[in-house]
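A short reminder: the numbers here are calculations on the coordinates, not readings from a lab. Note that the structure is predicted; figures quoted are calculated from it, not measured. All Cβ positions, glycine included, derive from the backbone under ideal geometry; neighbour counts span all protein chains shown.
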Amino acid sequence: MASSSSNLISLKTSDGTVFKVERALAKTMKTVQAIIEEADANIYMIPIHNVFSHHMDMIIDYYKLSVAGKSKEFSVEKLDNDELKDFLLAVHYLNMEDLFEVLTQAVADRLEKKSVGYVRKYFGIENDFTPEEYAAIRKKNDWAFKGDDIEPEEDEEKQEE
Amino acid sequence: MEFHQHCILQKRSMASTNEKVISSYIPDEISYSILSKLPLKSLKRFKCVQKSWSLLCENHHFMNMFLNRFLSYNDPTSLILLRVLENINVTCEEIFYSFSGERFENKVKLDWSSSLENHFEITGLFGQHLNGTLCLYGDYGEIVLLNPTTQTMKPLPASEAQSVELSIPDEAFGYVDLQVEYCLVHGFGYEPVINDYKVIRILIYNLQSSAQSDADWLSDTNFNPIWEIYSLRSNSWRKLHVNMPYTWECTDGAQVYMDGVCHWFCRSYRNVGPCLVSFYLRNEEFLVTLIPSDIDNCFDFDVQPSWINLAVLNEYIALISYHKETTTFHISILSEFGMKESWTKLLIVGPLSCVQCPIKVGTKGEIFFIRKDAELVWLDLSTQMIAEVGYKEREARITEIIVYKESILPN
């Protein structure tokens, strides 16, 4: 049983797993910290929605590395782009500043060479330009679409001879 | 995040408890944080994603986030070398100072050997810097490589082309004298692969004829301006067979080196407008990037040439200009060499009514200038704060200043 005087906090993820974490780790989660502070009596268990157990595993990995001064060794390479996005959303929900910066940088690195079409899908964004508006802004920034390493746009690929 | 936000998210996830996948929607807070970490080229491309993203450059919150990150790269701070003429009692004494430290708090009066002082008479502190080594040059082609820390110095040898002094018989009119009138150093760079320092310069010849002579024939001989490159390893000069835009403004600040490429800017060159020239040391090829006037129109004012410096900001080449009428500094960066469309106006600082005269841009983008109260100060681009170096032109006059970076490579 967790109590506010013990050193461990119990966190229950979306998929029902209970993690007992050090108070210091819980402190890096501003959302959790706010819940602890608002409920000044003992809390048995804090539910963390939108966070799955595989997210918690990675969070604990990161925490252990950063305590040992090795936060640079933390890698999200094994996650695909969508898994990385989910993880980022979980960390954002928990309001963990440092890990948030690490993950947004990782996402930026992955998106750097991607096409506009890919980015729209990734962010769940609809194209709200009229065809004329899009043509104009596309033309203005045409140089940014050029380069062997840049992913070509889907609709433009068809137009290539 | 506040507690009530936590409740909202709870509700949202409860609505989709049967779905494993979290909603694809990414809130602005997250997307801006991601976007602010992208290189400029990607950012420009993603302007086409949606309308709100096309207006990001006008979004103060986003630009602050972007600039904070962009300008907070870790680089060793600049070192300043100052040559001043101080009035001590009745006499005028020339003194050299060095300023170092995060906030230039270490001020040291330098003691040069007399041989070094002699060289400064010839070359001045007029030059460029690279890895803690200064390349100083004088008006008549003397070039010296100096390491201020060790006070070691190496004068560069003259080149064959430099010592040319010919009397050419002119068929019709007697003799025509040809000699080098100007030696203009355009670049000081380093080639990491072969661990060699290079100096690039152009020799401009002067023709003096003893009589009225139409020396048209000279224009297509090889006495056109000649480009030369010096290699420290071979300690010799070699002609370059290139036809690049050159400039008369060869001062520290008008040229910059980054990553195996020497860059300099030309205000105007023949019919080409203001441009940046990028010379690749490895294959000795060059690119010219025009500077469009909607990026920086300071070149339009030809009443008095405006102050311009090149700098390296977060691994981009930056053009920093001072607009006197508005007392503002304009900072633009180039994403791709050779592409004039890839210039981006990064920010405008000012109006700064306290600016008396701008001097140099440091290695971290700090802008040094003399303030109206005669203090030497610097503007930090990331905080936009002005701080004092700790030198005032009181009974003294700063004759020369050079700002450089400490060596990060073994010399």
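Structure above, values below:
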read-out	value
When the convex hull of its Cα atoms is projected in every direction, mean area for the protein assembly as shown (nm²)	37.0 nm²
Neighbour-count ranking [beta-carbon atoms within 10 angstrom, fewest first] of B:TRP307, B:TRP112	B:TRP112, B:TRP307
Filtered trypsin sites (Lys or Arg not before Pro), the range B:316-406: DSSP coil and at most 12 other beta carbons within 10 Å	B:LYS372, B:ARG394
GluC sites (Glu not before Pro) within the range A:116-146: DSSP coil, no more than 12 neighbouring Cβ in 10 Å	A:GLU126
Computed over chain A, the ratio Rg/Rh where both radii use C-alpha atoms and Rh is Kirkwood	1.13
Against the rule of thumb 2.2 N^0.38 Å, how large the Cα Rg of the range B:336-391 comes out	1.34
Cα-centre dipole for the protein assembly as shown with unit charges at Cβ (Lys and Arg positive, Asp and Glu negative), debye to 20	1700 debye
Amide proton proximity set for B:LEU240, modelled H, under 5 Å, gap of 5+	B:TRP227, B:GLU228, B:ILE229
In the range A:39-136, the trypsin sites (Lys or Arg not before Pro) that fall in loop regions by DSSP, at most 12 other Cβ within 10 Å	A:LYS70, A:LYS78
